[in-house]
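Here's the structure, in structure tokens; my notes come after.
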Amino acid sequence: MYNKHIVTLIFLALGLHIGVAQDDEKDLGTETVTVTKAYTPTVSDAFKIKSVPNLNDSIVLQKKPITYSIFSVPVASTFTPSKGTASKVEKLPPPQLFNSYASFGAGNYGNVLGEFYTSRTINRDENFDVGFNHLSSRGGIKGVELNNTFYDTNLDASYAKRDRDLDWGAAIGLQHQLYNWYGIPEGEFSDIELNGIDERQNYFMGEASTHINVEDAFFKRADIKYRRFFDALSSGENRAIFNTGFEFPMNEEAFAVKVKVDYVGGTFANDGYNPTINSAPINYSNLQAGINPSLKMLRDDLSLNLGVNLVYGMDLENSESNFYIYPAVTASYRLLDESVIAYGGVTGELKQNSYYDFVEANPFVSPTLTIAPTDSQYNAYVGFKGQLLPNLSYNLKGSYAAENRKPLFRLNPQENSRSNDNGYFLGNSFQVFYDDIKTLGIFGELNVDVNRNFTLGVNAEVYDYNTETGNPAWNLPNLKASLFMDYQIGEKWFMGANLFYVGERDDFSSELTSGSANPQPGIDTPITLEGYFDANAHVGYRFNDQLSFFIKGANLSNNEYQRWTNFQVQGIQVLGGATYKFDF
């Protein structure tokens, strides 16, 4: 303790001496200090600087304060700002909707068009629709010696009810068609013979159907349709079709089962080309029962459907039956977003043919047909589709199909029976010829939406046929192409057009031998029908929300072509009319 005090006093004296020496700058001489013990510092001796010392040094430069000033120059201005107002966006009024419309038009050749449609809302979940359509012509085709009038009238009504988990409905339909077998060779018959020909044919159809669709259940849908079809020559047909379907979710997949039962049966009172009072009618009765199980797989870019179509077909009239197994595989894969989508598949079916379907395809068939189903063994196809541009889409597909008993329309030969009851035995009607055909096809399509008011599309189909009999594929063209467009011209005017081309077709022609009181059938001669081009267009004007006017033109190229052998079509057809919308 004593030594510590001595050391402290020594340091204080030394510091005082140094401070005085700096002020006086005098030489005070030397002094010897003897330290008897080395200093041993401890933690308690340390201390912190409590403040930053002021630095007083002439070398440190002081910041010079900067002052700012604005040099203003007055500018003369005559601008006077106006008070701002909020801009308004004009809302377009919603289009007024009507539940009914009626349309009527008339043109050359005595053509008449009439349409009516109404949709009545019973309540929030129920509605009732009625539609009527009529198209007729008084004929007058140049160079045709028989009556060539026609008309087609349809009346439809339907009821639908929608609930939260299902919807169901029912519908009925009636149809009356009138056609004439006017396709006889020019100059082949005398005036007396022409007056004795009854070339008129009437078709009548009535059908009823009902359906139900279910959401969030294994049972998905069911529908049934019954149709009665008959003509004015004692031919009649019944058709009944029942479809139902089930679907069972399986993780990311779904297992679906479709069931179909299809029956067609009828009678042709006329027994081919040997009509007598006691001739036996042609009867047919075909029943199909099929089941189609499939597994649906959906991935990010892949959609795959793996299935099989099992059909049991029965010819009830001849007590024959067969079991058929068809592939039912389809797939699509997104290669490049929406630009390139690859798709393909292999499918097959036992297609049920009927008298009604044949008349819809060719109304000039004779009421002496053989009705049999078509065994479509497979139809394999692969293609690409997508959007090349936001307003340009395309579709390109190649296919190869094999079909047994494919129906082909072929001209009936002329017969020497020319009674009033047999107006279709004069080489002016068509039979159904069944052949086994393999078909190679290529299809291409482009659709362009130039803008929201103008759309344009073009497509083409090319086919190559190989028949089992070695005959041509009767009346099947090798080339079909079409171009269509719709253009909305402002708010009032609109127009559209459809141009199509059908290539050459093969058929047979038969003429009676002349020079005898009882002419006999001649030799069938193969013929080739020329391809034809047809152009249709329409223009319309909206007078107001309810009334509009239209003009429709058909066969504007005035091409007097033959759609079927000896059946020439009308030339340029122009039809004008009006459409009126209203609430009813």
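As a rough footprinting exposure proxy, the listed residues TRP493, TRP564, TRP181, TRP168 were ranked by other beta carbons within 10 Å of their own, and the order from fewest upward is TRP493, TRP168, TRP564, TRP181. When peptides 574-581, 160-167 are sorted by average Cβ neighbour count within 10 Å, with the highest value leading, the order is 574-581, 160-167. Amide H to amide H, with H built 1.01 Å from N, GLN568 comes under 5 Å of no residue 5 or more places away or on another chain. All C-alpha to C-alpha distances of segment 170-257, sorted into 5 Å bins beginning at zero, yield P(r) values of 3, 10, 14, 11, 10, 9, 9, 8, 7, 6, 5, 4, 3, 2, 1, 0 percent in whole numbers. If you take the Cα centroid of segment 560-584 and the Cα centroid of segment 146-221, the two points sit 18 Å apart. Taking all Cα-Cα distances within segment 382-463, those exceeding 20 Å account for 61%. Size estimate for segment 209-260 follows the Kirkwood approach: the inverse of mean 1/r over distinct Cα pairs works out to 13.3 Å.
Per-residue packing, averaged as other Cβ atoms within 10 Å, sorts the ranges 184-192, 359-367, 379-387 into the order 359-367, 379-387, 184-192, beginning with the highest. Count Lys and Arg as plus one, Asp and Glu as minus one, and take only other residues whose Cβ is under 9 Å from that of THR244; the net charge is then +3.
Convex hull volume per residue, computed on the Cα atoms of segment 106-217, equals 132 Å³. Taken one residue at a time, the phi angles of segment 120-136 give Karplus couplings (6.51, -1.76, 1.60, θ = phi - 60°) of 9, 8, 6, 8, 4, 10, 10, 8, 10, 10, 9, x, 9, 9, 9, 9, 9 Hz. Gly and Pro are set to x.
Ordered from longest to shortest, the equivalent ellipsoid semi-axes for segment 364-404 are 37, 16, 6 Å, each the square root of 5 times a Cα gyration tensor eigenvalue. Across the cross-link table entries LYS351/LYS397; LYS480/LYS552; LYS385/LYS438; LYS258/LYS385; LYS351/LYS581; LYS220/LYS438, which are compared at the Cα atoms, the separations over 31 Å belong to LYS351/LYS581; LYS220/LYS438. Of the trypsin sites (Lys or Arg not before Pro) in segment 403-480, the ones in a loop by DSSP (not H, G, I, E or B) with at most 13 other beta carbons within 10 Å are ARG452.
Read-outs throughout are calculated quantities, based only on the coordinates presented, and are distinct from any laboratory measurement. Predicted model, so just to flag it, every value in this text is computed and none were measured. Note: ideal-geometry Cβ built from the backbone for every residue, glycine included; neighbour counts use all protein chains shown.
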